[in-house]
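Accompanying notes for the structure given below.
Any read-out appearing in this document is the output of simple, stated calculations on the displayed coordinates, not a laboratory observation. This structure is a prediction, so every number in the text was calculated from the model and none was measured. Cβ coordinates were reconstructed from backbone atoms using ideal geometry, including for glycine residues, and neighbour counts include every protein chain displayed.
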Amino acid sequence: MDIIVTSPTELHFLGKSYGCAVGRSGFTVHKHEGDGATPVGRFRLRQLRYRADRLEQPETRLTTCALTLHDGWCDAPDHAQYNRPVPLPFGASHETLWRSDNLYNLIVDLGYNDNPPVAGRGSAIFLHVADPRGKPTEGCVAVDQADLLEVLANCGPETHMDIMPHGL
């Protein structure tokens with residue numbers, strides 16, 4: 001029961017196909033911080049974070065927690081908390097997870113470069129809500145919110161995302 005990404009616009013799960021977006025630089029097997037590429041590989045879905053002010057707790061078997069105004073993610077390769085969730089305010093470079101747009105209404109940590117994190121190999125690689133204008137991500141995989149909720153309803157701790165584009 002794996003989620004499979006086979007192209008910059010196709011995600012497959014349980015016999016269904018969904019539209020998706022990936023990084024603005026496409027796919028890479030040599031990911032590095034800031035390259036805008038989505039890493040190729042097999043990644044375990046770690047945890048779902050969601051905006052409780054915008055959504056009810058989604059149906060899923062993944063570990064779930066509600067986001068707060070103080071949630072961030074360290075993307076500073078030289079920091080000890082690199083590629084880890086951090087409380088805000090935070091002195092080093094980071095992503096703010098509580099966004100004004102809807103892209104992080106649902107965020108699933110894909111378990112990329114986290115065991116242990118290797119400095120500069122990329123951080124904050126998530127499955128999240130797609131931009132309604134069809135814009136690419138900074139390296140994540142993004143799906144329409146309704147489709148993502150449908151997928152998450154069938155995910156659990158055993159679920160992986162296989163990013164295996166044709167031709168690589």
Of LEU11, SER93, ASN105, which is farthest along the charge dipole of the range 3-163 in the positive direction, counting Lys and Arg as +1 and Asp and Glu as -1 at C-beta? LEU11
In the Gaussian network model of the chain, springs joining C-alpha atoms below 10 Å, which of GLY134, GLY111, GLY91 carries the largest mean-square fluctuation? GLY91
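Give the relative contact order (percent, whole number) for the chain; include only Cα pairs under 8 Å separated by 6+ residues.
Details: 405 pairs, mean separation 55.5, N = 168.
So the answer I get is 33 percent.
Go ahead and estimate [θ] at 222 nm for the chain from helices alone: -39,500 (n - 2.57) per DSSP H run with n ≥ 4, summed, over the residue count, rounded to 500. Spell out each step's value before the answer.
Details: 1 runs with 8 residues, N = 168.
After summing the helix terms and dividing by residue count, I get -1500 deg cm²/dmol.
Which of rounded, prolate, oblate describes the range 19-127, given a ≥ b ≥ c as roots of the alpha-carbon gyration tensor eigenvalues and a/c under 1.5 marking rounded, otherwise prolate only if a/b is larger than b/c?
On the way: a/c = 1.67, a/b = 1.24, b/c = 1.35.
It comes out oblate by the Cα gyration axes.
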Report the FRET efficiency, 1/(1 + (r/R0)^6), for LEU14 and ARG133, where r is their Cβ-Cβ distance and R0 is 25 Å, rounded to 0.05. 0.35
Cα gyration tensor category, rounded, prolate or oblate, for the range 41-94 with a/c compared to 1.5: oblate
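In debye, nearest 20: dipole of the chain around its Cα centre with unit charges on the Cβ of K, R (+) and D, E (-)?
Numbers: 15 positive and 21 negative charges, 22 e Å.
For the chain, the charge dipole is close to 100 debye.
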